[in-house]
Amino acid sequence: MKVCLLSSELGPFAKTGGLGDAVAGLARFLAGQGVDLRVFLPFYSSARLAGRTVVPVEFLQGLTTELAGRAVRYGVHTTALPGTAQPIYLVHCPALYDRRGIYDDRGDEHLRFALLCRAAIECCQRMGFGPDVFHLNDWHTALVPLYLRTAYGWDELFAGSRTLLTIHNLGYQGIFPAREVDALGLGPARALLHQEDLARGRLSFMTAGILHASHLSTVSPTHAREILTPNYGFGLDPLLRARADHLVGIVNGVDYGEWDPAADELIAHPYSTADLEGKEWNKKALLEEVGLPYEPGVPLFGVVSRLTAQKGFDLFYDAIPELLARRPARLVVLGSGEQRYEEFFHALGRAFPGKVRFHCGFSNPLAHRIQAGSDMFLVPSRFEPCGLTQLYSLRYGTVPIVRRTGGLADTVELYDSAAGTGTGFVFDNFDSQALRWALDYALDSYADRAKWNGLVRNAMAQDFSWERQGPHYLDLYRRI
Ligand code: ADP
Ligand code: GLC
């Protein structure tokens, strides 16, 4: 099996959210299965290389490709996917990738990611590598099917290649002014683009991918159904419905090598189901680290998230201050993003100084310590294609409180206190009343420690490893 995998993110080099985790985990799984794999991502100047050796690939230097009417120069560097001998390829083009972060607002995102698409195809040509599958992830890589049909349509090397576009987040579509079409070097491809989009003056990478990829997937079965509806389709549901028989949902795997409470080097006290006391020690350590008082029996909620509308923190506005005033509990939040949410959490911290800490920023070590030290983990998302943080919290015995949507619905089962079954607290409606119900149910359950420990063990026993989830991708590759 020959697979070419493209992504704008791949942890730990480049990650803003779950895309980076999911693609790295999948790549590691595929490499372990003996798949002949070529992985491409941009060589951002912000890449977190942490002392790793990155070397130029000799025969992939001084290349040019045509974008925006000029020859864009690029080269390719390589490094190993951490924990493997699998090389990954970093497209080096300082003119486009020398920016403060992974994404940028200078108005040339279409060129930055068109280059990724073109460079991956051109490098496959130079390697004489005809993939069985080009596996594309999100809008940044979604032009590949169109390029294969147009600019590179002449190349027999790709005659047998199929394309799979995995939609991690339909909320980001890569929409640009239609006049930019010519900049992409698609040749006479106008007719293949979505005509209604063009008529409205828009060019959408995601739409092009949905129209032209051989197959589509998203990152959970529930979300695969949701995106066919206007509520979750972000305007693309009619197109997706037309392709529904080529769309599947596969829940992401978790890299338990990185997220394992028994072997996590980033936490103070490793623990397992056999030793839940260790978890309490992590709670003490976390509270001390963030400067909140520890009191036995007082539960701690954790949040680690991008702070965007997707994540549902609007529900906190009413529910959380009221809850904190009414019941003893603590809350630690790690996240950054939209100003309104950052301001809300800053204000919450000021209103409840002994109960709430907000760490505004991005910190992987702190994310691990919040997973380990909290009793419950909050994910009230408006929509959630898969969600990884609730999978980490399950493994860390940090009982997830989630809204029943997308991958959250597929991975967390509502606790039944009478039967002792289930793995977390799941509410349906996107309103603060429903969240309040879940919070109260969770706090009431926490009061009975013997039963609570049963729930924690249920959660920790869940297996969302890549060993289990990865074979679904292999099956899909074979099918397409
Ligand atoms: P999304 O991709 O929509 O952000 P996921 O749940 O799939 O949501 O993945 C989020 C990933 O990003 C997790 O690995 C989470 O720990 C990480 N993450 C999010 N925000 C932060 C942050 N502020 N600091 C550290 N890690 C974060
Ligand atoms: C997206 C989604 C998230 C998913 C991640 C990895 O960022 O928002 O739900 O887990 O991609 O697939």
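Please enumerate the residues belonging to the stretch 63-72 that are at positive phi and open to solvent by less than 50 Å² (accessible area, probe 1.4 Å).
Just the residues of the stretch 63-72 that are at positive phi, to begin with: 68-69.
Of everything in the stretch 63-72, just one residue is at positive phi and open to solvent by less than 50 Å² (accessible area, probe 1.4 Å), namely ALA68.
Please list, ordered by first then second residue, the pairs with beta carbon atoms under 6 Å, 6 or more apart or interchain, first in the stretch 356-368 and in the same structural domain as TYR392 (by TED's automatic domain parsing), second outside any helix (DSSP H, G or I) and more than 6 Å from ligand 1 (Cβ to nearest atom).
Between residues of the stretch 356-368 that are in the same structural domain as TYR392 (by TED's automatic domain parsing) and residues that are outside any helix (DSSP H, G or I) and more than 6 Å from ligand 1 (Cβ to nearest atom), the close pairs are VAL356/LEU331; ARG357/LEU292; ARG357/VAL332; PHE358/VAL333; PRO365/LEU266; HIS368/ASP264; HIS368/LEU266; HIS368/ILE267.
Could you pull out the residue among VAL181, VAL144 that is at pLDDT below 95 and among the aliphatic types (A, V, I, L, M)?
Details: VAL144 fails: at pLDDT below 95.
When all the criteria are applied, what remains is VAL181.
Could you tell me how many of the residues in the stretch 1-46 are touching a Gly at 6+ places or on another chain (Cβ under 6 Å) and either more than 16 Å from ligand 2 (Cβ to nearest atom) or among the hydroxyl-bearing types (Ser, Thr, Tyr) (or both)?
Result for the stretch 1-46: 1.
Out of the residues in the stretch 243-272 meeting the condition of being acidic (Asp, Glu) and either within 14 Å of ligand 2 (Cβ to nearest atom) or open to solvent by less than 60 Å² (accessible area, probe 1.4 Å) (or both), tell me which one is nearest to the chain's Cα centre (by Cα).
As a first pass, look at the stretch 243-272 and keep what is acidic (Asp, Glu): 245, 255, 258, 260, 264-265.
Filter again for either within 14 Å of ligand 2 (Cβ to nearest atom) or open to solvent by less than 60 Å² (accessible area, probe 1.4 Å) (or both), leaving 255, 260, 264.
Working: ASP255: 13, ASP260: 19, ASP264: 21 Å.
The extreme case among them is ASP255.
Give me the pairs, please: first residue somewhere in the stretch 309-320 and in contact (Cβ under 8 Å) with a residue 40 or more places away in the chain and within 18 Å of LEU408 (Cα to Cα), second residue anywhere and assigned to a helix (DSSP H, G or I) and away from ligand 2 (no atom under 14 Å from the Cβ), beta-carbon distance under 6 Å, and either six or more positions apart or on two chains.
Once the first residue is in contact (Cβ under 8 Å) with a residue 40 or more places away in the chain and within 18 Å of LEU408 (Cα to Cα) and sits in the stretch 309-320, its partners that are assigned to a helix (DSSP H, G or I) and away from ligand 2 (no atom under 14 Å from the Cβ) give PHE313/TYR341; LEU315/SER432; LEU315/LEU435.
Take the conditions at pLDDT 95 or above, surrounded by fewer than 20 Cβ atoms within 10 Å (Cβ to Cβ) and out of contact with any Ser or Thr (no Cβ under 7 Å at 6 or more places or on another chain) and apply them to ARG225. Does it pass? Explain how you work it out, then say what you get.
On the way: at pLDDT 95 or above: yes; surrounded by fewer than 20 Cβ atoms within 10 Å (Cβ to Cβ): yes; out of contact with any Ser or Thr (no Cβ under 7 Å at 6 or more places or on another chain): yes.
Answer is yes for this residue.
Within the stretch 73-132, how many residues turn out to be of a type in the set (Ser, Thr, Tyr), open to solvent by 20 Å² or more (accessible area, probe 1.4 Å) and within 18 Å of THR16 (Cβ to Cβ)?
1
Within the set of pairs 6 or more residues apart or between chains, which connect a residue that is farther than 9 Å from SER46 by Cα inside the stretch 96-115 to a residue that is part of a loop (DSSP other than H, G, I, E, B) and among the hydrophobic types (A, V, I, L, M, F, W, C) with Cβ atoms less than 8 Å apart?
Sorted first by the residue in the stretch 96-115, then by its partner, the pairs are LEU111/ALA68; PHE113/LEU143; ALA114/LEU143; LEU115/CYS93.
Exactly one condition in (1) modelled with pLDDT of 95 or more; (2) in a loop (DSSP other than H, G, I, E, B); (3) out of contact with any Ser or Thr (no Cβ under 7 Å at 6 or more places or on another chain) is not met by PRO131; state its number.
Against the list (1) modelled with pLDDT of 95 or more; (2) in a loop (DSSP other than H, G, I, E, B); (3) out of contact with any Ser or Thr (no Cβ under 7 Å at 6 or more places or on another chain), PRO131 comes up short only on (3).
Determine, yes or no, whether ILE210 is open to solvent by 40 Å² or more (accessible area, probe 1.4 Å), more than 16 Å from ligand 1 (Cβ to nearest atom) and under 26 Å from GLY17 (Cα atoms). Write out each step before concluding.
On the way: open to solvent by 40 Å² or more (accessible area, probe 1.4 Å): no; more than 16 Å from ligand 1 (Cβ to nearest atom): yes; under 26 Å from GLY17 (Cα atoms): yes.
Here the answer is no, as ILE210 does not meet what is asked.
The values are calculated or read from the model by the stated rules, or taken from the named source; none is laboratory data. A quick note: this is a predicted structure, and the numbers were derived from the prediction, not measured. Please note: Cβ atoms are built from the backbone with ideal geometry, for glycine as well, and neighbour counts cover all protein chains shown. Heavy atoms of the whole protein, side chains included, go into the accessibility calculation; ligands, DNA and RNA do not. Shrake-Rupley method; radii C 1.70, N 1.55, O 1.52, S 1.80 Å.
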